[in-house]
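Asker: Please see the structure below; I have some questions.
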Amino acid sequence: MQTRTLGTTGPTVSALGLGCMGMSDLYGPADEAEGLATLRAALDAGVTLLDTGDFYGMGANELLIRAALKGRPRDNAVVSVKFGALRDYSGNWLGLDGRPAAVKTFLAYTLRRLGTDYVDIYRLTRPDPAVPIEETVGAIADEVRAGRVRHVGLSESGPETIRRASSVHPVSDLQIEYSLLSRGIEAKILPTCRALGVGITAYGVLSRGLLSGHWSKDRALAPGDFRGHAPRFSGPNLERNLALVEALRGVAEGLGITVAQAAIAWVLSRGDDIVPLVGARTRERLAEALGAVDVRLGRDDLLRIEAAVPPGAAAGERYPAPQMGMLDSEREAAAG
Ligand SMILES: NC(=O)c1ccc[n+]([C@@H]2O[C@H](COP(=O)([O-])OP(=O)(O)OC[C@H]3O[C@@H](n4cnc5c(N)ncnc54)[C@H](OP(=O)(O)O)[C@@H]3O)[C@@H](O)[C@H]2O)c1
């Protein structure tokens, strides 16, 4: 497995990370046994970066990772954990909590669930508008000094937040959506990260499955599946986006790779400071994703891929309006 280093101070990780969210939450019913088998297969294949959130399956996702790591040396994995989301019994979103006392509390619960005495990368899932980022990052930095966290990360943050956070403690990586369909980070966020030595862990590389080549407009969505109310998956937007996928399929077939592999390889080609997280939930999808790591896209291949899915071509925003409004990364980009 090839490796990449996250930022100037972050850990060296597999060139492809495994995003574990869909194994426990947000994409309809999850098959826990297959999720565990997928995690173990990823570790066996040399994937070291595992991404989770304490709120994915209300802790269930961390317990799944604990099971996968059982019997393996702890340092075989780089576990990235997001915290700060408040949810009710039914999983509804209630807000954020980035207060220092919350950081310490969330982390204590996470360590118990993971069955480990440290988290590799710890990050607030979204900046909390009620708490200056300096306070949240300062509290994580205390945990770094105590040995319970190795690195500070950020998620969906804009340039100013990235700068402010970095002034308190070095930031290993910003986790943010980045794909052929979501190129918003290229204007300001990516240059800011590069100037500050902050790496990128890119999520939604397959645009939540839309850009995988396996989606169709007839696919039935289970209750609770995020995609049931995601703008890019609805009505005429979905038809327009699937037309882009078909154009990409034509290019991918010419290269002898799948649509998903083309989408992942494109993100890998954007810089050694970017590590795609793929949300594979099954061993079959994982094997497909891993096949992208050795794909080398030449200049002409990249031009053909970007002609099939040009910047700004996506129909619909990446989140429903209320969630878009909560994104610091979008707010700052819009403000200029
Ligand atoms: N920081 C943040 O705000 C944030 C937000 C969202 C996610 N994340 C993290 O990023 C990870 C990845 O994000 P994501 O799952 O939303 O996006 P993704 O990787 O773009 O999409 C994953 C979906 O794509 C489908 N898929 C089809 N072919 C695939 C293949 N070969 N490999 C992998 N998936 C394939 C899977 O659906 P089927 O299994 O149904 O085929 C899966 O549900 C998450 O697990 C989470 O850890 C972070």
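Asker: Six or more apart or on different chains, Cβ atoms under 6 Å: show the pairs whose first residue is in segment 194-206 and within 14 Å of the ligand (Cβ to nearest atom) and whose second is hydroxyl-bearing (Ser, Thr, Tyr) and open to solvent by less than 40 Å² (accessible area, probe 1.4 Å).
Answerer: Hits for this filter: Ala202/Tyr178; Gly204/Ser179; Val205/Ser179; Leu206/Ser212.
Asker: I'm trying to understand the selection: among the residues of segment 210-262, which are assigned to a helix (DSSP H, G or I), closer than 21 Å to Gly312 by Cβ and within 9 Å of the ligand (Cβ to nearest atom)?
Answerer: Of everything in segment 210-262, just one residue is assigned to a helix (DSSP H, G or I), closer than 21 Å to Gly312 by Cβ and within 9 Å of the ligand (Cβ to nearest atom), namely Val259.
Asker: I need the full set of residues from segment 290-311 which are within 13 Å of the ligand (Cβ to nearest atom) and assigned to a helix (DSSP H, G or I), in order please.
Answerer: If the condition is that a residue be within 13 Å of the ligand (Cβ to nearest atom) and assigned to a helix (DSSP H, G or I), then Leu290 is the only one that fits.
Asker: Find the residue count for segment 264-289, including only residues that are within 9 Å of the ligand (Cβ to nearest atom) and either in contact with a Pro (Cβ under 6 Å, 6 or more places away or on another chain) or under 21 Å from Thr3 (Cβ atoms) (or both). Spell out the reasoning first.
Answerer: From segment 264-289, those within 9 Å of the ligand (Cβ to nearest atom) are 264, 276-282, 284-289; that's our starting set.
Okay, now just the ones that are also either in contact with a Pro (Cβ under 6 Å, 6 or more places away or on another chain) or under 21 Å from Thr3 (Cβ atoms) (or both), so 264, 276-280, 286-289.
Total satisfying the criteria: 10.
Asker: List, please: which pairs have Cβ atoms under 7 Å, are six or more places apart or on different chains, and start with a residue in segment 159-176 that is within 17 Å of Asp273 (Cβ to Cβ) and end with one that is open to solvent by 70 Å² or more (accessible area, probe 1.4 Å) and not in a helix (DSSP H, G or I)?
Answerer: Close Cβ pairs (under 7 Å, with a partner that is open to solvent by 70 Å² or more (accessible area, probe 1.4 Å) and not in a helix (DSSP H, G or I)) amount to Pro159/Lys188.
Asker: Does Pro127 satisfy the condition of being surrounded by 15 or more Cβ atoms within 10 Å (Cβ to Cβ), closer than 21 Å to Glu177 by Cβ and in contact (Cβ under 8 Å) with a residue 24 or more places away in the chain? Before the answer, list the steps.
Answerer: Working: surrounded by 15 or more Cβ atoms within 10 Å (Cβ to Cβ): yes; closer than 21 Å to Glu177 by Cβ: yes; in contact (Cβ under 8 Å) with a residue 24 or more places away in the chain: yes.
Here the answer is yes, as Pro127 does meet what is asked.
Asker: Which condition from (1) under 26 Å from Gly199 (Cβ atoms); (2) within 16 Å of the ligand (Cβ to nearest atom); (3) in contact with a Lys or Arg (Cβ under 9 Å, 6 or more places away or on another chain) is the one that Met58 breaks?
Answerer: (1)
Asker: Let me ask something else about it. State which residue pairs qualify: first residue of a type in the set (D, E, K, R) and inside segment 282-300, second residue more than 9 Å from the ligand (Cβ to nearest atom) in any location, beta carbons under 6 Å apart, and separation of 6 or more residues or different chains.
Answerer: Sorted first by the residue in segment 282-300, then by its partner, the pairs are Arg283/Ala37; Arg283/Thr38; Arg283/Ala41.
Asker: Got a sec? Which of Leu268, Leu277, Leu248 is of a type in the set (A, V, I, L, M, F, W, C) and either in contact with a helix residue (DSSP H, G or I) (Cβ under 8 Å, 6 or more places away or on another chain) or surrounded by fewer than 20 Cβ atoms within 10 Å (Cβ to Cβ) (or both)?
Answerer: Answer to the check: Leu248.
The values are calculated or read from the model by the stated rules, or taken from the named source; none is laboratory data. Everything numeric here is computed off the predicted structure, so don't read it as measured data. No Cβ is skipped: glycine too gets one built from the backbone with ideal geometry, and neighbour counts run over all protein chains shown. For the accessible areas, the whole protein counts, side chains as well, though only heavy atoms, and no ligand, DNA or RNA atoms are used. Shrake-Rupley method; radii C 1.70, N 1.55, O 1.52, S 1.80 Å.
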